[in-house]
Structures are given as structure tokens and as C-alpha cells.
Amino acid sequence: MYKATFLDNGELIYVGKRFVENIGTYRTLISTEEVNDIKAKIVEFDYFSLDSLYPTPIADFPSCITEASLNGNTKKVIDRRSPPDNLKAFEKFLDSLLENREWEKVSDETDYNLK
């Protein structure tokens, strides 16, 4: 369980909670090119046209929650099961941006709501 927040200024904040290697709050920077790639993928994968929820009747099924803000539009998508290919590709793309980073540990805090 983790939350990754990609900011427009290139800051990437990662909060690892459970079942991940890094537990706690970490930060790193991504390049301007990577920030622009995220924005391009939001458009390419038509993120704002996705449904807000891809549900499952199974109560404890894993979820992937994404939220994007671009050009004054904000959308949150909860993927519980059977998402369309473009959402799966977007999630996989964002996950790939977390790999092979040098992380600076900020704290042991695992509260997703702290800034």
C-alpha cells in the first residue's frame, strides 16, 4: 500500500504504508521531461473520459486510485477490477516512474493525508 504524488514542479512524494519495500515518507525529483510525459499520457490515455469507478462486489479486493489535475480539470478514478486498457496502461506508466530512483527519506510517517 502506497501513495505517490507527482507535482508540477518535479517533486515526487512517496508514502509507503504496507507490503512495500520503503515504509515511511520519501521524496525525490523527476525531470521536466518526465513531468511533461505525465501530462502527455493524461491526454493520450484520455484520462478525463474514464469512469470514476470500476467496481467489484468483492469487499477486500485491491484498489488502484489515481487522480490527475491538468488545465483546470481534475478527475479521480478508483480501479477495483476490470479497468479499460488505457487506465491499466496509465497506472503502469506511473508505477514505472517510481523505479530506479534515489529516494530521500523525509520521515517514518505513513499518513497519506499529511503534506
Problem - Pick from the range 23-34, criterion assigned to a strand (DSSP E or B) and either touching a Ser or Thr at 6+ places or on another chain (Cβ under 8 Å) or at positive phi (or both), ranking: surrounded by the most Cβ atoms within 10 Å (Cβ to Cβ) - result: Thr25
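A quick yes/no check of all residues on (1) surrounded by 15 or more Cβ atoms within 10 Å (Cβ to Cβ); (2) at pLDDT 95 or above:
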position: Met1; (1), (2): no, no
position: Leu12; (1), (2): yes, yes
position: Val15; (1), (2): yes, yes
position: Glu21; (1), (2): no, no
position: Asn36; (1), (2): no, yes
position: Ala40; (1), (2): no, yes
position: Pro55; (1), (2): no, no
position: Pro62; (1), (2): no, no
Handout entry: Cross-chain or 6+ apart pairs with Cβ under 8 Å, the range 50-75 first and under 17 Å from Phe93 (Cβ atoms), then aliphatic (A, V, I, L, M) and assigned to a loop (DSSP other than H, G, I, E, B)
Key = Lys75/Leu50
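Find the residue count for the range 92-115, including only residues that are under 17 Å from Ile30 (Cβ atoms) and under 14 Å from the mean Cα position of the chain (by Cα). Write out each step before concluding.
Filtering the range 92-115 down to residues under 17 Å from Ile30 (Cβ atoms) leaves 92-104, 106.
Right, trim to under 14 Å from the mean Cα position of the chain (by Cα) and you get 92-99.
Going through the range 92-115 one residue at a time, the tally reaches 8.
Among the residues of the range 95-115 satisfying the criterion of being part of a loop (DSSP other than H, G, I, E, B) and among the hydroxyl-bearing types (Ser, Thr, Tyr), which is farthest from Glu34 (Cα to Cα)? Steps first, answer last, please.
Taking the range 95-115 first, the residues part of a loop (DSSP other than H, G, I, E, B) are 97-103, 108-115.
Cutting the leftovers down to among the hydroxyl-bearing types (Ser, Thr, Tyr) gives us 110, 112.
Numbers: Thr110: 26, Tyr112: 23 Å.
Among those that are part of a loop (DSSP other than H, G, I, E, B) and among the hydroxyl-bearing types (Ser, Thr, Tyr), it is Thr110.
Could you tell me how many of the residues in the range 66-94 are assigned to a helix (DSSP H, G or I) and surrounded by 12 or more Cβ atoms within 10 Å (Cβ to Cβ)? Steps first, answer last, please.
The first filter runs over the range 66-94 and keeps only residues assigned to a helix (DSSP H, G or I), leaving 85-94.
Still in the list and also surrounded by 12 or more Cβ atoms within 10 Å (Cβ to Cβ): 86-91, 93-94.
So the count comes out to 8.
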Completion exercise
Filtering the range 95-115 down to residues that are closer than 12 Å to Tyr14 by Cβ and either surrounded by 15 or more Cβ atoms within 10 Å (Cβ to Cβ) or among the basic types (Lys, Arg) (or both) yields Leu97, Leu98, Arg101, Trp103, Lys105, Thr110
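The values are calculated or read from the model by the stated rules, or taken from the named source; none is laboratory data. Since this is a predicted model, take the numbers as computed values, not measurements. Positions of Cβ are backbone-derived with ideal geometry, glycine not excepted, and every protein chain shown enters the neighbour counts.
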